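Read through the structure below, which is laid out as structure tokens, and then see the notes.
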Amino acid sequence: MSGYVLHAVGVGVRFGGVRALTGVDLGVRAGEVCGLIGPNGAGKTTLFDVLSGIRRPDRGRILLDGADITRRSPVWRARHGVRRTFQRQQLFGRLSVADNVLVAQEWRGGGGGPAADLLALPARRARERARRVRTEQVLADCGIAALGTSYAGGLPVGQARMVEVARAVADPPRVLLLDEPASGMSAPEREQLAAVVRRLAAQDGCAVLLVEHDVAFVMDLCTRVVVLDLGSVLAEGDPAGVRADPLVREAYLGSA
Ligand SMILES: Nc1ncnc2c1ncn2[C@@H]1O[C@H](COP(=O)(O)OP(=O)(O)O)[C@@H](O)[C@H]1O
Ligand SMILES: [Mg+2]
């Protein structure tokens, strides 16, 4: 057993003549925060698209708990705890922040279907209450409790990114894929984000895979770092080892 919750095995993706990913092997374990770094165009977002089911790979497989889910839809994966945020934000701009988080929660049916919803039976109302309580808790955890009634569409980018994170964790995820979540965030927002991610991994055993350009942020937050370059894994290891790797310095870090 690999010990990976989510595992990309030999994944290849081509866009016409461009080989975006070539034979990528990358897994993430429960309770770890794994950083995915690399230059623009390295294939990080494409890998997230394949892991979350938005794009079918030309080659290779995606495993969840060792089972092949390569052909499963994004919705199926989300229902099974694989959640992501997007490099380009995807919020419901005309809904409030609280409603964005509310609708991100899975409706766990209790039988009775839409009729029971319409009749607002006590069990239905109890679930609705539970979802509102959970929404408040998630907003507080993410440090955006004060924004609950604001329209999501009018938020500055850093706050909007935090709302995306709140949506992704509204139902506790088993795997969380974060694509450049800290870009546009202020220093305090970054700290809040790091705290949310650490807590998810340490307390809930969530497997986190994080793409981020801020190398210092990645090195500080992640327990393992994978470097992607030209569609393949260039290096992998603990933050100190990756930072010292001459290949990585040449391809990506420069003199950092
Ligand atoms: N939809 C697409 N159509 C054509 N080429 C794409 C598409 N998406 C990404 N690419 C190409 O695939 C490569 C990897 O892109 P991407 O995964 O976005 O990299 P990263 O997120 O690391 O910056 C780049 O060369 C990019 O131009
Ligand atoms: Mg990208």
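Summary of values
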{"read-out": "The range 186-206 residues that are under 16 Å from residue 217 (Cα atoms), paired with ones that are aromatic (Phe, Trp, Tyr) (beta carbon under 8 Å, 6 or more apart)", "value": "190/217; 194/217"}
{"read-out": "Wholly enclosed helices (runs of 4 or more DSSP H) of the range 141-256 bearing at least 2 residues crowded, with 20+ Cβ neighbours inside 10 Å", "value": "157-169, 187-204, 215-221"}
{"read-out": "Residue among 89, 105 that alone is in a loop (DSSP other than H, G, I, E, B), within 16 Å of ligand 1 (Cβ to nearest atom) and touching a residue at least 12 places away in the same chain (Cβ under 8 Å)", "value": "89"}
{"read-out": "Complete set of residues in the range 20-62 that are among the basic types (Lys, Arg) and within 16 Å of ligand 2 (Cβ to nearest atom)", "value": "44, 55"}
{"read-out": "Residues within the range 9-18 that are in contact with a strand residue (DSSP E or B) (Cβ under 9 Å, 6 or more places away or on another chain) and away from ligand 2 (no atom under 16 Å from the Cβ), tallied", "value": "4"}
{"read-out": "Selection from the range 42-57 of residues that are of a type in the set (Val, Ile, Thr) and either open to solvent by 30 Å² or more (accessible area, probe 1.4 Å) or near ligand 1 (Cβ under 9 Å from one of its atoms) (or both)", "value": "45, 46, 54"}
{"read-out": "Flag for residue 248 being under 16 Å from residue 141 (Cα atoms) and among the aliphatic types (A, V, I, L, M)", "value": "no"}
{"read-out": "Test result for residue 194, modelled with pLDDT of 95 or more, small (Gly, Ala, Ser) and farther than 22 Å from residue 32 by Cα", "value": "no"}
{"read-out": "Only one of 128, 106 that is surrounded by fewer than 13 Cβ atoms within 10 Å (Cβ to Cβ) and over 20 Å from residue 181 (Cβ atoms)", "value": "106"}
{"read-out": "Selection status of residue 39, touching a helix residue (DSSP H, G or I) at 6+ places or on another chain (Cβ under 7 Å) and surrounded by fewer than 17 Cβ atoms within 10 Å (Cβ to Cβ)", "value": "yes"}
{"read-out": "Qualifying residue in the range 50-57 (condition: over 16 Å from residue 177 (Cα atoms) and touching a helix residue (DSSP H, G or I) at 6+ places or on another chain (Cβ under 8 Å))", "value": "yes"}
{"read-out": "Residue in the range 58-101 that is surrounded by the fewest Cβ atoms within 10 Å (Cβ to Cβ), counting only those that are of a type in the set (Lys, Arg) and more than 16 Å from residue 176 (Cα to Cα)", "value": "88"}
{"read-out": "Residue in the range 21-35 that is open to solvent by 60 Å² or more (accessible area, probe 1.4 Å), touching a Gly at 6+ places or on another chain (Cβ under 6 Å) and either away from ligand 1 (no atom under 16 Å from the Cβ) or among the aromatic types (Phe, Trp, Tyr) (or both) present", "value": "yes"}
{"read-out": "Residue tally, condition of a type in the set (Phe, Trp, Tyr), surrounded by fewer than 20 Cβ atoms within 10 Å (Cβ to Cβ) and more than 16 Å from ligand 1 (Cβ to nearest atom), over the range 1-20", "value": "0"}
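The values are calculated or read from the model by the stated rules, or taken from the named source; none is laboratory data. Keep in mind that this is a model prediction, so the values were computed, not measured. In this analysis, Cβ positions are derived from the backbone assuming ideal geometry, glycine residues included, and neighbour counts consider all displayed protein chains. The accessibility values were calculated without ligands, DNA or RNA, using every heavy atom of the protein model including side chains. Shrake-Rupley method; radii C 1.70, N 1.55, O 1.52, S 1.80 Å.
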